[in-house]
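To keep things clear, I will list the structure first and then write my remarks on it.
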Amino acid sequence: MKMEFNIALLKGDGIGVEIVDSAVAVLEKVAEKFGHKFNFTPYLIGGCAIDATGKPLPQETVDGCLASDSVLLGAVGGTKWDNQPGNNRPEKALLGIREALGLYTNLRPAKLYPSLRSASPLKEEIVGDGFDLMIVRELTGGIYFGDRGYRQGKYGEEAFDTEAYSVTEIERIGRVAFETAMKRNKKLTSIDKANVLESSRLWRKTMHELSKEYPEVEYNDMFVDNAAMQLVRNPQQFDVIVTSNMFGDILSDEASQITGSIGMLASASLGSTKRGMYEPIHGSAPDIAGQNKANPIATILSGAMMLRYSFGLSDEADCIEKAVDKVLNDGWRTADLMGSAEGTPLTCTEMTEKVLEAL
């Protein structure tokens, strides 16, 4: 059945332009192959939006994203905008667009492909045949959205940021995590700091209550410091991880690094509707921007996640993922995946062409 979708493109800064263009090329190929139509409309976000409008998140961008069926984001930020005040930095746009779209769930898969085992910093006896875990991160609550400011404290001027979670917020993200576990290997680990933080004690209590609704899921709790150690000691023990905004931010980046390259990992930000925002988890990499060196795979796989989670096109998503698998198994690598291997790495454009050929 032919389907038509409107996709907002937020290319952003640095390598964002290159990698989003790569994902668009792959999505257009999939549309041609399966008889669909994707309409792409670009909007400004981040540093380029500051340059054009003075604001990192113009209202036109918010309105355009709200009117779309889904959003594909590249990356924002760079040293050019380091002198911007805190409330007008490019990264502020990410919090703003997540809030505007009601995206309270962040899905971050961390998968080590068998063909990339040598690129992982972990020993081969630890990673074995690879691993495949999913981090479910709460995205619109916690310390990133709590009260903050400056005040006079015990030692003079001090800054503060507040961590706060409601039962409703915890139940909402917890239910997503349990449902995700039900679709995978029915194993869920909840990460908190309940031995120190009151917000974590409420998190743990709420998750325990919720677990009673999912008796088929093997559920356990883990302190965040132990989780950080366990991810590098034995990542295969995890299937689905659920945690707060800040802990999820940190742990998902750690998980990405042990896969061998941050340039491989996609993410999905979802809310209560089918509209989501899909992006690679890496940054704008201004040091290589415009040099055609970026790895486009994370953004291409983000496009696959969009097809699966927002559009319900699982076969089309599988097609992209299998194409990426084939390219990697055939030995093709961008610079970030080379490690100690000999040979010339592919450019961003060349890697995209290899994926298109595999499709």
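What to note about this one:
- Conditions (1) closer than 16 Å to Phe131 by Cα; (2) out of contact with any Asp or Glu (no Cβ under 9 Å at 6 or more places or on another chain): number failed by Ile250: (1)
- Per-region count, the range 11-48, residues among the hydrophobic types (A, V, I, L, M, F, W, C), farther than 20 Å from Met351 by Cβ and touching a Ser or Thr at 6+ places or on another chain (Cβ under 7 Å): 2
- Residue in the range 316-331 that is in the same structural domain as Glu32 (by TED's automatic domain parsing), touching a helix residue (DSSP H, G or I) at 6+ places or on another chain (Cβ under 6 Å) and assigned to a loop (DSSP other than H, G, I, E, B) present: no
- When residues of the range 289-312 are limited to those that are polar (S, T, N, Q) and assigned to a loop (DSSP other than H, G, I, E, B), the one nearest to Ser256 (Cα to Cα): Asn295
- Criterion (among the hydrophobic types (A, V, I, L, M, F, W, C), more than 23 Å from Pro296 (Cα to Cα) and surrounded by fewer than 18 Cβ atoms within 10 Å (Cβ to Cβ)) met by exactly one of Val196, Val240, Val217: Val196
- Test: residue in the range 129-136 that is in the same structural domain as Val232 (by TED's automatic domain parsing), part of a loop (DSSP other than H, G, I, E, B) and closer than 18 Å to Ala227 by Cβ: yes
- Per-region count, the range 296-339, residues polar (S, T, N, Q) and either free of Cβ contacts under 8 Å to residues at least 12 places away in the same chain or farther than 18 Å from Ser115 by Cα (or both): 4
- Filter result for the condition that a residue is without any contact (Cβ under 8 Å) to a residue 40 or more places away in the chain, out of contact with any Cys (no Cβ under 6 Å at 6 or more places or on another chain) and among the small types (Gly, Ala, Ser), over Ala23, Ala49, Ala31, Ala93: Ala31
- For the range 250-293, the set of residues classified as closer than 18 Å to Leu307 by Cα, over 14 Å from the mean Cα position of the chain (by Cα) and among the polar types (S, T, N, Q) consists of Ser272, Thr273, listed by residue number.
- Restricted to the range 247-281, and to residues there that are hydrophobic (A, V, I, L, M, F, W, C) and out of contact with any Lys or Arg (no Cβ under 9 Å at 6 or more places or on another chain), the residue that is surrounded by the fewest Cβ atoms within 10 Å (Cβ to Cβ) is Ile250.
- Candidates are the residues of the range 62-100 that are closer than 20 Å to Leu27 by Cα and polar (S, T, N, Q); the one that is farthest from the chain's Cα centre (by Cα) is Ser68.
- Matching entry among Thr259, Thr344, Thr273 (being polar (S, T, N, Q), modelled with pLDDT under 95 and under 20 Å from Ser120 (Cβ atoms)): Thr259
- Taken over the range 65-101, residues that are farther than 21 Å from Gly14 by Cβ, in a helix (DSSP H, G or I) and not polar (S, T, N, Q) amount to 4.
- Within the range 273-288, the set of residues being of a type in the set (Ser, Thr, Tyr) and either in the same structural domain as Ile173 (by TED's automatic domain parsing) or part of a strand (DSSP E or B) (or both) comprises Tyr278 only.
The values are calculated or read from the model by the stated rules, or taken from the named source; none is laboratory data. Computed from a predicted structure; not experimentally measured. Every residue, glycine as well, gets a Cβ built from its backbone with ideal geometry; the counts of neighbours run over all protein chains shown.
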